[in-house]
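These notes concern the structure reproduced below.
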Amino acid sequence: MRDGLTARGLTLGYEGRTICRDLDLALPKGEVTVIVGPNGCGKSTLLRGLCRLIAPAAGEVRLEGEDIHRMPTRLLAQRLAMLPQSSTAPPGITVADLVARGRHPHRRAFGGWSAADAEAVAHALDATGVAEMAESAVDTLSGGQRQRVWVAMALAQDTGWLLLDEPTTYLDIAHQIDLLDLFAALNRERGVSIVAVLHDLNLACRYADRLVVMAEGRIVAEGPPARVLTAELVDQVFGLPCLIVPDPVTGTPMMVPRGRHPARAAAE
């Protein structure tokens, strides 16, 4: 797949410990892909491998036909942005200054701040709802506000591919929906290819064109949510008995846990 993000025979790990082994994956350009699975299954490790944050022990990753480990760093950063699971801002840096750092891959060594840079930062601040905090220090914000600032920095990078590791962490449900709506709009209106790790299966099914389900460092299922998400799969991967019903708003699959005490829950 020359116009997508692909992995072949990808083996990843840390300090001699293998986390993901011999993975093959082909993510089409222009889609929203969501990676799901239980804690510790290798979701974040896979995402880090797809964007060159960790080097593979074996295999390769190609972005639109090019080996990412042979691409110049600046070129890769112009085409692919990554929002990791946790990030630390320099002490005292303002929201506007942190978001502006997303423009670094697009600036020449001796180039000044351009109108395009200013426009990209303003759009990112507005889209994530943090424009009014532009002059605030990042370290004075709540966890949810900081998360939106980091998303804004990734948006300011203005790439064709956006990789997101649990982007809804720390956010209340209203801001989760706002953020996922924003990613969906970027995909529909600007053609940005989205690859995200999420924990909420129902939100994953609502927003994803493609689900990738992982367990124990391997990919156990992938494809459209309507085909992939079944009660049998949820039981197999998460050990959770459930029902799969249509989402009353979108018609996408919705997982309803049976719970440990369904009779008592129903009575209450």
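Across segment 77-179, Cα-Cα pairs more than 21 Å apart make up 29 percent of the total.
Under a no-solvent Debye model with one identical scatterer per Cα of segment 113-268, what's log10 I(q)/I(0) at q = 0.14, 0.15, 0.21 Å⁻¹? Each listed q corresponds, in turn, to -0.81, -0.90, -1.36. For segment 1-120, the solvent-accessible area works out to 50 Å² per residue, with a probe of 1.4 Å and every protein chain left in place.
For segment 140-265, what does the accessible surface come to per residue with a 1.4 Å probe? Please give it in Å².
47
Under the combined filter of DSSP loop state and at most 15 neighbouring Cβ atoms within 10 Å, segment 10-116 retains these trypsin sites (Lys or Arg not before Pro): ARG107, ARG108.
DSSP beta bridges in the chain, what fraction antiparallel, as a percent rounded to 5?
Details: 25 of 42 bridges.
For the chain, the DSSP antiparallel bridge percentage is about 60.
Taking R0 as 30 Å, what's the FRET efficiency between ALA226 and ALA134 from their Cβ-Cβ distance, rounded to 0.05?
Numbers: r = 41 Å, r/R0 = 1.38.
E(calc), rounded to 0.05, equals 0.15.
State the percentage of accessible surface on the chain attributable to carbon and sulfur atoms; use a 1.4 Å probe and exclude ligands, DNA and RNA. Looking at the chain in its full context, I get 50 percent from C and S.
What's the extension gain from THR250 to LEU75 if we count 0.36 nm per residue and subtract their Cα-Cα distance? Could the numbers behind the result be given before it?
Values: separation 175, 0.36 × 175 = 63.00 nm, distance 3.79 nm.
Length difference between fully extended and current span is 59.2 nm.
Which order do you get for SER44, SER193, SER86 if you rank them by accessible area with a 1.4 Å probe, largest at the top? If you can, show how the numbers build up before the last one.
Values: SER44 30, SER193 0, SER86 95 Å².
Ranked list, largest accessible area first: SER86, SER44, SER193.
Taking the Cα centre of segment 33-178 as the origin and placing charges on Cβ (Lys, Arg +1; Asp, Glu -1), which of GLY59, THR45, ALA174 is farthest toward the positive end of the dipole? Result: GLY59, furthest along the dipole toward the positive end. The residues PHE183, PHE238, sorted by heavy-atom accessible surface at 1.4 Å with ligands and nucleic acids left out, run PHE238, PHE183 from largest to smallest.
Rounding to the nearest 20 debye, state how big the charge dipole of the chain is about its Cα centre with +1 on each Lys and Arg Cβ and -1 on each Asp and Glu Cβ.
Working: 27 positive and 31 negative charges, 131 e Å.
The calculated dipole for the chain is roughly 620 debye.
Averaged over every viewing direction, what's the projected area of the C-alpha convex hull for segment 99-144? Give it in nm², one decimal, please.
Numbers: hull surface 15.5 nm².
In nm², the orientation-averaged hull projection of segment 99-144 is 3.9.
Using heavy atoms of the protein chains and a probe of 1.4 Å, the accessible area assigned to LEU229 is about 10 Å². When TRP113, TRP150 are compared by accessible surface with a 1.4 Å probe, the order from highest to lowest is TRP113, TRP150. The heavy atoms of THR73 offer some 100 square angstrom of accessible surface to a 1.4 angstrom probe.
Report, please, the projected area of the chain averaged over directions, based on the convex hull of its C-alpha atoms, in nm². Don't jump to the answer; show the numbers that get you there.
Working: hull surface 65.4 nm².
Mean orientational projected area (the chain, Cα hull): 16.4 nm².
The values are calculated or read from the model by the stated rules, or taken from the named source; none is laboratory data. Everything quoted here is computed from the prediction, not taken from an experiment. In this analysis, Cβ positions are derived from the backbone assuming ideal geometry, glycine residues included, and neighbour counts consider all displayed protein chains. Surface areas here come from the heavy atoms of the whole protein model, side chains and all, with no ligands, DNA or RNA. Shrake-Rupley method; radii C 1.70, N 1.55, O 1.52, S 1.80 Å.
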